[in-house]
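S.K.: Quick one: structure below, then a few questions.
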Amino acid sequence: MKKIFGLLLFCFRVAQLSAQSPDIYPTHWWTGMKTNKIQLLLHDKERDLSERTPEIIHPGVRVLKTYRFRNPRYLAIDIAIAPEARTGAVPIRLRSATKPPVTISWQLRERRPGRGTQFAQGLNSADFLYLAIADRFANGDPANDRVPGMREQTLNRDSMYHRHGGDLEGIARNLGYLESLGVTALWLLPVLENDRPSRSEHGYAITNHFRVDPRLGGATAYRALSDSLHRRGMKLVMDAVYNHTGLQHHLELDPPDSSWMHRWPRYTQTTYREQTLFDPYAAPSDTKRMSDGWFDDGMPDINHHNPHMAAYLIQSMLWQIEEFGVDAVRIDTYTYSDLNFSNRCNAAIMAEYPRIHLFGETRVFGPSNQAYFNQNIFQTNYKSNLPGSIDFQLLYFGIKPALMQATGWMEGVNSLYNTLANDFLNRDANRNVLLLDNHDESRFLSVVGEDWEKLKIGYTWLLTCRGIPQAYYGSEIGMKGFAHPDGLVRADMPGGWAGDKVNAFTGDGLGTKEKEVQDLVKRLGNYRRRSSALKTGRLMQYVPVGDVYAYFRYDEQQTVMCILNTGRTAAEVPFARFPERTARFRSAQDVLSGNSYPVNGSVSVPPMRMLVLELR
Ligand SMILES: [Ca+2]
Ligand SMILES: [Ca+2]
């Protein structure tokens with residue numbers, strides 16, 4: 001009897017659910033948001049909504065306007081939410097002239113407490129950011145490795161493009177390791193649902209903007225990770241995509257009309273040529289193809305001129321930040337979106353969360369090219385409001401040539417010196433994110449020809465130069481790989497899976513060289529944490545002499561001297577060569593070896609070595 005009753009109850013629930021089946025985006029909102037006029041998008045997979053008229057009878061919530069689309073299964077509703085609106089279930093009654101009314105339920109909630117102090121805190125040069133891929137870092141819950149009903153059912157750690165089973169719980173369990181490196185903030189590749197048949201490991205083909213991928217542990221695991229980070233005083237950086245979705249997104253599979261994505265007579269890819277956006281001589285057809293061409297054939301290019309699409313995206317950004325307690329946002333493929341839309345979206349985020357930091361993936365070639373896409377100092381017809389960029393210039397034209405080219409007028413250390421001098425283009429270069437490598441770039445150890453000393457110099461520079469340093473998982477233990485194809489730089493973090501022979505987290509099975517680099521990152525990462533000069537101090541660099549390049553980080557409390565010799569012989573460098581920064585001091589102490597040098601003398605910098613000296 002009990003079983004039959006249970007079955008009946010189940011059938012009743014299913015009937016009730018299917019009677020309430022329209023999906024509503026955003027799935028819920030909050031009272032007390034500055035953004036209190038929002039647009040709900042209703043999508044019913046089966047039924048016609050075009051004849052329906054929505055009605056909301058709930059204290060503090062009003063319907064302002066209804067929109068219908070060529071596809072009758074969609075309806076959009078502008079609503080206004082008063083500050084005193086009651087939280088809880090908000091019934092939406094859909095009336096029809098010919099059919100019985102249907103009532104569906106939406107939610108208004110209390111806001112997450114503590115914004116600006118417990119979340120949306122921003123990210124700055126005092127932070128040390130760590131980038132990881134959830135599928136590739138650690139498997140905390142083998143039960144979610146495959147989720148029935150999802151399009152991709154691969155699970156094979158031997159294939160770089162299959163899923164490996166890593167998840168958010170795996171990352172949460174290893175936050176102690178990140179903390180031991182001196183890391184203060186975590187950036188993960190997008191964690192929203194990527195329900196596509198293959199290549200879902202990277203997360204950039206989002207198929208639902210209001211659902212965390214269940215293979216990563218879903219919303220519960222993401223919230224738990226956010227809470228764990230915040231309890232440790234660490235920050236959560238979200239990866240957002242303005243430019244495209246995945247092909248299996250409901251807005252592509254069953255679009256409201258043909259104007260939500262860019263349509264071309266035949267598949268047209270972007271040229272990836274950012275120059276067409278600012279070049280005074282650019283052909284309009286080239287500019288259009290850069291912005292409106294698809295980044296990839298599996299990723300429809302969003303038409304930001306469609307106001308409903310724009311509202312949907314902006315709301316999804318605010319929704320994720322509030323729902324999961326995000327502190328900063330990295331914006332993917334920044335140069336490919338409609339830049340006026342990006343300004344509007346950024347402005348909406350910064351108005352709601354004034355302390356938050358936004359930084360864009362500006363994978364472009366040239367310091368001025370990069371500065372065009374953030375808050376620069378020059379006059380252009382387009383002014384970006386983006387606070388920061390990922391600083392690919394100091395990677396491509398800075399640290400890489402410094403370690404890989406013979407010194408010349410513009411080569412080797414002079415390339416690094418010159419590129420840093422171009423910081424005058426930025427309003428505040430300290431808001432840029434510095435990197436050695438990431439999920440698209442070759443691992444730094446491979447770039448420098450597997451020279452472990454050069455890898456150490458890379459990290460020494462990363463943790464002492466200006467800006468927000470970002471490390472890529474595994475490179476601190478010398479993981480290798482060229483990004484051709486990109487799967488080769490997305491291998492598993494050793495120790496993240498039960499039975500791994502090598503464990504980066506405990507050090508078990510790591511070789512001497514691997515341990516040395518990991519130890520260097522730990523020591524410099526933690527030194528940086530205590531160093532006001534490195535976190536927030538000013539920077540002064542000196543013209544390189546031969547293969548020797550030196551810069552200083554300094555404030556009222558502290559002066560740190562960083563000196564790099566890329567030559568083949570030791571260099572004897574007198575401190576008197578840097579009069580402005582050394583005059584007040586008596587000794588210089590190597591922060592790693594403890595060796596001390598009198599400042600009225602000189603320091604011997606061995607070949608291909610970088611020293612970090614604190615002046616006393
Ligand atoms: Ca798992
Ligand atoms: Ca685009």
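S.K.: Lysines near Lys37 by alpha-carbon distance under 18 Å, same-chain residues fewer than 8 away left out - which ones?
M.R.: Lys65
S.K.: Express in nm, to one decimal, how much length is gained between Phe365 and Glu46 on full extension, taking 0.36 nm for each residue of separation and deducting their alpha carbon distance. Please report the intermediate quantities before stating the final value.
M.R.: Details: separation 319, 0.36 × 319 = 114.84 nm, distance 4.78 nm.
Difference between extended and current length: 110.1 nm.
S.K.: Here is a follow-up. Quickly rank 490-501, 581-592, 301-312 as a protection proxy: mean count of other C-beta atoms within 10 Å, highest first. Spell out each step's value before the answer.
M.R.: On the way: 490-501: 17.6, 581-592: 16.0, 301-312: 19.5.
Per-residue Cβ counts within 10 Å, averaged per peptide and sorted highest first, yield 301-312, 490-501, 581-592.
S.K.: Output the direction-averaged projected area (hull surface divided by four) of the convex hull of the alpha-carbon atoms of the chain, in nm². If you can, show how the numbers build up before the last one.
M.R.: On the way: hull surface 126.0 nm².
Across all orientations, the chain yields a mean hull projection of 31.5 nm².
S.K.: In what order do Tyr473, Tyr417, Tyr551 fall by count of nearby beta-carbon atoms within 10 Å, going from fewest to most?
M.R.: Tyr417, Tyr551, Tyr473
S.K.: Order these peptides, 356-367, 59-70, by their mean beta-carbon neighbour count within 10 angstrom, highest first.
M.R.: On the way: 356-367: 22.6, 59-70: 14.0.
Per-residue mean Cβ counts within 10 Å order the peptides as 356-367, 59-70.
S.K.: Still on this structure, I have one more. If I model a spin label as a point 7 Å beyond the Cα along the Cα-Cβ vector, how far apart are those points for His484 and Asn340 in nm?
M.R.: 4.1
S.K.: Continuing with this model, one more query. Where nothing but the Cβ of Lys and Arg (+1) and of Asp and Glu (-1) is charged, how large is the charge dipole of the chain around its Cα centre, in debye to the nearest 20?
M.R.: Values: 72 positive and 66 negative charges, 296 e Å.
Its charge dipole is roughly 1420 debye.
S.K.: What distance in nm separates the two pseudo spin-label positions at Ala498 and Asp519, each 7 Å out from Cα along the beta-carbon direction?
M.R.: About 3.3 nm, to one decimal.
S.K.: Calculate for the chain the 222 nm mean residue ellipticity that helices alone would give, adding -39,500 (n - 2.57) per DSSP H run of length 4 or more and normalising by residue count, nearest 500 deg cm²/dmol. The partial results should precede the final answer.
M.R.: On the way: 18 runs with 159 residues, N = 616.
Roughly -7000 deg cm²/dmol at 222 nm, from the helical runs in the chain.
S.K.: Further question: Working from the pairwise distances between different alpha carbons, so that the mean of 1/r is found and then inverted, what is segment 301-450's Kirkwood radius in Å? Don't skip to the answer; put the middle values down first.
M.R.: Working: mean 1/r = 0.0597 Å⁻¹.
16.8 Å is the Kirkwood radius here.
S.K.: Okay, next question. Calculated FRET efficiency, Arg529 and Asp508, Cβ-Cβ r, R0 22 Å, to nearest 0.05? Spell out each step's value before the answer.
M.R.: Numbers: r = 26 Å, r/R0 = 1.17.
The calculated FRET efficiency here is 0.30.
S.K.: Shifting gears a bit: Using the Cβ atoms and a cut-off under 12 Å, what net charge is assigned to the surroundings of Phe365, where Lys and Arg are +1 and Asp and Glu are -1?
M.R.: On the way: positive: Arg273, Arg363; negative: Glu274.
After counting each charged neighbour, the total is +1.
S.K.: How would Thr27, Thr335 line up from fewest to most surrounding beta-carbon atoms within 10 angstrom?
M.R.: On the way: Thr27 15, Thr335 24.
Starting with the residue having the fewest Cβ neighbours, the order is Thr27, Thr335.
S.K.: Determine the sum of side-chain charges near Ala498: Lys and Arg each +1, Asp and Glu each -1, restricted to other residues whose C-beta is under 15 angstrom from that of Ala498. Could you put the intermediate results ahead of the total?
M.R.: On the way: positive: Arg157, Arg173, Lys501; negative: Asp141, Asp145, Asp167, Glu169, Asp492, Asp500, Asp508.
Around Ala498, the charge tally is -4.
S.K.: Give me the lysines in straight-line cross-link reach of Lys456: C-alpha distance below 18 Å, same-chain residues under 8 apart excluded.
M.R.: The reachable lysines, counting only those whose Cα sits under 18 Å from Lys456, are Lys400, Lys480, Lys513, Lys515, Lys522.
Quick note: the coordinates plus some simple rules give every number you see, no bench work behind them. Nothing here was measured: the structure is a model prediction, and the numbers come from that model. So basically every Cβ, Gly included, is an ideal-geometry build from the backbone, and we count neighbours across all protein chains shown.
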